[in-house]
Amino acid sequence: MPAYPAMLSDRDARRIARYAADADTAGWLHPVQQALLHRRGWLRMLAPRALGGAELALPAVVRLEESIAAIDGSMGWTLTLCAGAGWFAGFLPPALARDVLATKHVCLAGSGAPTGYADADGEGYRIDGHWDYASGAPMATHFTFNAILREHGQPLLDGAGQPRIKAFVVPAALVEVVPNWRSIGLRATASHGYRVRGQWIHRDHGFDIDPDRAWEQGPLYRFPFLAFAFVTLGANVAGMAGHFIDLAEACLRHRRNRFGEGESLIEVPAVQAVLVECRARFDAARSRFYARLDASWEGVLAEGRVAPADAAELQALSMAWVAASRHAVDTLYPYCGLYAARDDSPINRVWRDFHTASQHALLMPHA
């Protein structure tokens, strides 16, 4: 099986890290971080090559997203959500996708919640609605969203009697950003809300995220959406957790066992055992995750599809890695002292980012 090496250079890693704290304070990615996203073409990395994207192998993309999230959670999350929206270009009519990707500094942001309506209107739709949590909203050139289809004011129903939902992409000129992102973490993602008020768009701007309805036939677009979402979001959360484990170990080396006296906490056998267990559990979950992801990718290269059982296993292994991440962060935090509670400390920023990202609805623990 071919290797999928990380694509993040040491120089780029240092640049991302250098501005992470400033971005967190400002509530939006630093201009140097934004420029890096565009210069490296990372926001186009999942878009079709024939239309101006890079169409990279998914295992390489996921490793890159994990490695960036392990340096700065906000930048990793913004990249993942915006590049993930760029993946939708494979499901758009080619002429439209080409126009979108030709936009200078193209960036797609959006939301998956169907909190708006698309009313049939001639050869298109009249869009009205409000959506939340569009990571990267300040630099978005286009927005994506899901909307309930209506005709004459009545929802259209599918075969099961449920409202029909369709995905759309629109230029930012039709969108009003609502600056309402006030989370404790991922502050620099600027995941604001946005609204569209009665704007008309051509029906070509609507699309279905379904491998059987993709315009592009490359392996990326044969990957089922839920499995794609689980692996990319899960790797992000885990990247933040891996960073937290490293910072927690540093805290344990500097913190004394008894009020500034005695041995370092890292030297206390019981504490050391906790750290070893957390890291081992995290690393084992990571290894199982990537083994399955790489195998699934090889399968889609060979067969043009991901078997339902493989997709289900990918989702389960993503959640297992997230669970190991939660276990590590929540187990180690109490040992890290008040330094970890200071909002200007790196470990606190990572803790805040982790606990914000892991609240994503898709990553909710099973009851």
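Here are a few things to note about the model shown:
- Spacing of the two label points (7 Å from each Cα toward its C-beta) at R182 and T331, in nm: 3.6
- Alpha-carbon centroids, segment 1-64 and segment 188-213: separation in whole Å: 23
- Theoretical gain in end-to-end length, D121 to E277 [0.36 nm per residue, Cα-Cα removed]: 50.2 nm
- Per-pair calculated FRET efficiency, R0 = 41 Å: A291 and D208 via Cβ, rounded to 0.05: 0.85
- A250-D128 FRET efficiency (beta carbon distance; Förster radius 41 Å; 0.05 resolution): 0.20
- Signed unit charges on C-beta, dipole axis of segment 221-310, positive-most listed residue A291, N257, V268: N257
- When only the Cβ of Lys, Arg, Asp and Glu is charged (+1, +1, -1, -1), the dipole of segment 48-191 relative to its Cα centre reaches about 240 debye.
- Local charge for V231 was computed over the other residues whose Cβ lies under 15 Å away, with Lys and Arg +1 and Asp and Glu -1, and equals -1.
- Size of electric dipole in segment 99-138: Cβ of Lys, Arg +1 and of Asp, Glu -1, about Cα centre, debye, nearest 20: 240
- Charge dipole (debye, nearest 20) of the chain; +1 at Cβ of Lys and Arg, -1 at Cβ of Asp and Glu: 620
- Cα-based helix-to-principal-axis angle, 58-69 vs the chain, degrees rounded to 10: 50
- Here is the P(r) of the chain: all C-alpha pair distances, binned every 20 Å from 0, give 29, 56, 14, 1 in whole percents.
- Here the simple spin-label model places points 7 Å from the Cα toward Cβ, and for A102 and R342 these points are separated by 5.3 nm.
- Neighbour-limited loop hits for trypsin sites (Lys or Arg not before Pro), segment 167-266 (at most 11 other Cβ within 10 Å; DSSP other than H, G, I, E, B): R182
- Residue of D353, D344, D72 that the Gaussian network model of the chain assigns the largest fluctuation, springs spanning Cα pairs under 10 Å: D344
- Cut-off 12 Å, label 7 Å out along Cα→Cβ of A13, residues of segment 226-244 by amide N: 243
- Within the chain, helix-based [θ] at 222 nm, where runs of 4 or more DSSP H residues each add -39,500 (n - 2.57), nearest 500: -14500 deg cm²/dmol
Coordinate-derived values only; no laboratory data. Bear in mind that the values here come from a model prediction, so they are computed numbers and not experimental data. Heads up, the Cβs are rebuilt from the backbone with ideal geometry, glycines too, and the neighbour counts pull from every protein chain shown.
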